[in-house]
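Trainee: Provided herewith is a single structure, encoded as structure tokens, for subsequent inquiry.
Bear in mind these aren't lab numbers, they're just calculated from the coordinates by the rules spelled out. Keep in mind the model is a prediction, meaning the values are calculated, not measured. Ideal geometry is used to build each Cβ from the backbone, glycine not excepted, and the neighbour counts take in all protein chains shown.
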Amino acid sequence: MSQPAAKKIQAIRGMNDLLPGDSPRWQFFEGKVRQLMARYGFDEIRTPIVEQTALFARSIGEVTDIVEKEMYTFEDRNGDSLTLRPEGTASCVRAAMEHGLLHNQTQRLWYQGPMFRHERPQKGRYRQFHQVGVETYGFEGPDVDAEVILLSARLWQELGLTQHVTLELNSLGSAEARAAYRETLVDYFEQHREILDEDSLRRLSSNPLRILDSKNPAMAEMLENAPRLMDHLDQESREHFEQLKTMLDAAGIHYVINPRLVRGLDYYCRTVFEWTTQALGSQGTVCAGGRYDGLVEQLGGKPTPAVGFAMGIERLILLLDTLQLVPEEALGGCDVYLLPMDEAATLTALTLAEQLRSQLPELRLQLHCGGGSFKSRMKKADKSGATIALLIGEDERQTDAVTLKFLREEREQQRHPQAALPERLQDLIA
RNA sequence: GUGGAUGUAGCUCAGUGGUAGAGCCCCGGAUUGUGGCUCCGGUGGUCGUGGGUUCGAUCCCCAUCAUCCACCCCA
């Protein structure tokens, strides 16, 4: 029985397939990250992508856009409210607390994986996107702030991005100072309510600090006279910030102080920073983080200082791509394409391929499969990206030999006894 | 969530109110055992989807889905 044409099923909006052509870039980037984390003494942590909804509501802030309208929240079969994680910090804190990692000890952790936010997709902004994040717990001083910033700076160095990113820096003060300033600011804005535009009125309850960033000329004068965050920093935060700047100066890291830099998530305090680029249009923030000393306590743990950041992998890959910074050799492919020239040579080729793979574990060898004319076999050898083709036909089979042909250079082809191949290939590939 | 642009072959794109084309890719041949260059031939399309107007719609209208850009927000 013929069925009516099934409705075409496609990927969920804003959720992308990573195709074979893309994955080498990701592996290149992920490899750099993995190496770097080890060099800085950070350990990887992996947590589930689903958590109880309350975890995010409590940590990110009830009135943030993320919690109010961007979370993938659904009911489990038993009625619990679950949420696909919109960011990594909350899960990290939860896991660390749950397993006693914060009990009288410090931690330097990193994670990597998919996050989910129901936003309108755009270039560099997707509903399922991927972050690499760093979390430190138990370090109070500005040295660890500097450490995580230096780590990120070194990653740009490794990737060749240093010239294309800018570090913006600010301090929000202690949680108390920030909260107090926020109140002062809201009071001030309330007094000038008639000047506020629609956007700002909305931000008044969600993110009043953002109002300072408004470009509306009608509000410029009023904003000019608004109370300043820097004047409301507590003494300790002020010193913390100064010390951090001294450390970054000493390490030769350039930064721009941006007093309007405000992280959207409620849990941030004191140091906040952002790495931005001009090369990606309006989605220019490539890495952002800061200090969240109050978060562990807020989630029911003991007061624990914490610093971290998250970076958007899609945005970084996009950046690497537009700047053509992924090296050719990172783009995959294989070294050798082994092809039987006719059907009769299939078995010989297959067993030889397996032998070579046993003898040369580093060798990337693709065996021709699928038959076809000799011409098409050669075409596939070319397409495979291999530098060397190994051919086995009637002549070779009768003498236990193999023809070795160079695909990427003008060089006479050779014929070798099969037994001599491992040594020969070893030389050529190395 | 708001505003705008765009959906035609696997990819990049032309095109017309009378049921479609190029380049690349793929396959075959010129070249019985030598890919990349050249030449010749071939496969491949419910013109995003669903309605409407019309004798007739890929084209006009409406809706819907998706992508892109900006806003918002964020990594």
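Trainee: Select from chain A the helices, each a whole stretch of DSSP H, whose alpha-carbon atoms run 18 Å or more along the helix axis and whose Kyte-Doolittle mean is at least -0.5; answer none if there are none.
Mentor: Long hydrophobic helices here: A:142-159, A:346-359.
Trainee: Follow-up. Sort A:Phe273, A:Phe241 so the one with the fewest other Cβ atoms within 10 Å of its own Cβ comes first. It would help to have the intermediate numbers written out before the result.
Mentor: Working: A:Phe273 26, A:Phe241 22.
Listing A:Phe273, A:Phe241 from fewest to most nearby Cβ atoms yields A:Phe241, A:Phe273.
Trainee: Could you sort the peptides A:119-130, A:8-19 by per-residue average Cβ neighbour count (10 Å cutoff), highest mean leading?
Mentor: My ranking of the peptides, most packed first, is A:119-130, A:8-19.
Trainee: Less than 15 Å Cβ to Cβ from A:Gln426, Lys/Arg counted +1 and Asp/Glu -1: what total charge do the surrounding residues give?
Mentor: On the way: positive: A:Arg357, A:Arg364, A:Arg424; negative: A:Asp335, A:Glu362, A:Glu423, A:Asp427.
Cβ neighbours under 15 Å give a net charge of -1.
Trainee: Using unit Cβ charges (K, R positive; D, E negative) and no other charged atoms, how large, in debye to the nearest 20, is the dipole of chain A about its Cα centre?
Mentor: About 1200 debye.
Trainee: Quick one: which residues, 5+ away or cross-chain, put their amide H under 5 Å from the amide H of A:Leu360? H built at 1.01 Å from N.
Mentor: Residues meeting the amide H criterion: none.
Trainee: If you don't mind, there's one more thing I want to ask. Please give the contour-minus-distance gain from A:Arg408 to A:Ile195: 0.36 nm per residue of separation, less the Cα-Cα distance, rounded to one decimal in nm. Display every interim value, and only then the final one.
Mentor: Values: separation 213, 0.36 × 213 = 76.68 nm, distance 6.85 nm.
This chain segment gains 69.8 nm when fully extended.
Trainee: Let me ask you something else. Assuming R0 = 51 Å, can you tell me the calculated FRET efficiency for the pair A:Glu362 and A:Leu150, based on Cβ-Cβ distance, to the nearest 0.05?
Mentor: According to the calculation, E is roughly 0.90.
Trainee: In whole Å, what are the extents of segment A:334-429 along the principal axes defined by its C-alpha atoms, from largest to smallest?
Mentor: The Cα atoms of segment A:334-429 stretch 31, 26, 24 Å along their principal axes.
Trainee: Follow-up. Specify the inter-centroid distance of segment A:337-364 and segment A:60-86, based on alpha-carbon positions, in whole Å.
Mentor: So the separation of the two Cα centres works out to 53 Å.
Trainee: On to the next question. Sorted by mean Cβ packing within 10 Å, highest first, what order do the peptides A:229-238, A:314-323 take?
Mentor: In descending order of packing, they fall as A:314-323, A:229-238.
Trainee: Here's a follow-up. Defining a contact as two alpha carbons under 8 Å apart and six or more residues distant in sequence, what relative contact order in percent does chain A show?
Mentor: Averaging sequence separation for qualifying contacts and normalising by length gives 15 percent for chain A.
Trainee: Given the C-alpha centroids of segment A:388-430 and segment A:260-334, what is the distance between them in whole angstrom?
Mentor: Each part's Cα centre sits 49 Å from the other's.
Trainee: Please label the shape of segment A:212-292 as rounded, prolate or oblate, based on the square roots a ≥ b ≥ c of the eigenvalues of the alpha-carbon gyration tensor (a/c under 1.5 means rounded; beyond that, a/b larger than b/c means prolate, else oblate).
Mentor: Taking the square roots of the gyration eigenvalues as a ≥ b ≥ c, segment A:212-292 is oblate.
Trainee: Another question, then. Considering only Cα-Cα distances, which of the following residue pairs are longer than 32 Å: A:Lys215/A:Lys302; A:Lys8/A:Lys69; A:Lys32/A:Lys383; A:Lys69/A:Lys302?
Mentor: Details: A:Lys215/A:Lys302 41 Å; A:Lys8/A:Lys69 28 Å; A:Lys32/A:Lys383 28 Å; A:Lys69/A:Lys302 30 Å.
Beyond 32 Å between Cα atoms: A:Lys215/A:Lys302.
Trainee: Hey, can you grab everything whose amide H is under 5 Å from the amide H of A:Leu233? Only 5+ residues off in sequence or another chain; H modelled, so Pro and N-termini drop out.
Mentor: none
Trainee: What residue among A:Gln359, A:Gln35, A:Gln283 shows peak mean-square fluctuation when chain A is described by a Gaussian network model with Cα springs under 10 Å?
Mentor: For chain A, modelled as a Gaussian network with Cα springs under 10 Å, the answer is A:Gln359.
Trainee: How much length is gained on full extension from A:Glu44 to A:Thr106, taking 0.36 nm per residue of separation minus their Cα-Cα distance? All intermediate terms of the calculation are to be shown ahead of the outcome.
Mentor: Numbers: separation 62, 0.36 × 62 = 22.32 nm, distance 1.44 nm.
Full-extension gain reported as 20.9 nm.
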